[in-house]
Amino acid sequence: MNYVDGFVAAVASSDREKYRQYAQDASAVFKENGALSVVECWGDDVPEGKITSFPMAVQCKADETVIFSWIIWPSKAVRDAGLEKAMQDPRFDMEKNPMPFDGKRMIFGGFEMIVDA
């Protein structure tokens with residue numbers, strides 16, 4: 001079964017188009033390095049929780065929107081090699097092309113798929 005990287009972050013609501021373009025460009029790098037697909041989602045119905053929630057997890061501010069994204073890879077081995085290559089790609093040079101959000105508040109992880117219906 002495939003392998004999935006998942007991400008949740010907070011992006012300034014005014015930077016929606018800037019983030020969309022950054023994500024579009026990043027998806028090309030991931031796909032060039034083995035990703036099967038990249039999905040980026042802009043929060044539309046993301047309630048604030050009382051105990052836990054997406055907004056709480058990323059310390060979302062009033063002028064920010066939660067994004068939720070994932071990358072599907074054919075395997076963990078392809079993901080590990082692909083991410084290593086992607087991070088060396090000049091398009092990911094954080095000085096020349098900084099992320100349009102606070103990466104310190106991003107949540108991410110790799111997941112083994114157990115159901116793909």
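Just a few scattered comments:
- Compactness of region 5-58 as Cα Rg over 2.2 N^0.38 Å, two decimals: 1.33
- Surface calculation, 1.4 Å probe, protein heavy atoms: residue 52 sits at approximately 110 Å² accessible.
- Rg over Rh [alpha-carbon atoms, Kirkwood Rh] for the chain: 0.97
- For region 87-98, backbone phi angles converted through the Karplus equation (6.51, -1.76, 1.60; θ = phi - 60°) give residue-by-residue couplings of 5, 8, 5, x, 5, 9, 5, 5, 6, 8, 9, x Hz, Gly and Pro being listed as x.
- Within the accessible area of the chain (1.4 Å probe), percent carbon and sulfur: 56
- Reachable lysines, given that their alpha-carbon falls under 23 Å from the alpha-carbon of residue 50 and they are not under 8 places away in the same chain: 61, 104
- Note: relative contact order over the chain, using C-alpha pairs below 8 Å and six or more positions apart, is 48 percent.
- Heavy-atom accessible surface of the chain, averaged per residue, reaches 65 Å², computed with a 1.4 Å probe.
- Between residue 37 and residue 7, full extension at 0.36 nm per residue minus the direct alpha carbon distance yields a gain of 9.4 nm.
The values are calculated or read from the model by the stated rules, or taken from the named source; none is laboratory data. These figures come from a predicted structure and were not determined experimentally. Note: areas computed on protein heavy atoms with side chains; ligands, DNA, RNA excluded. Shrake-Rupley method; radii C 1.70, N 1.55, O 1.52, S 1.80 Å.
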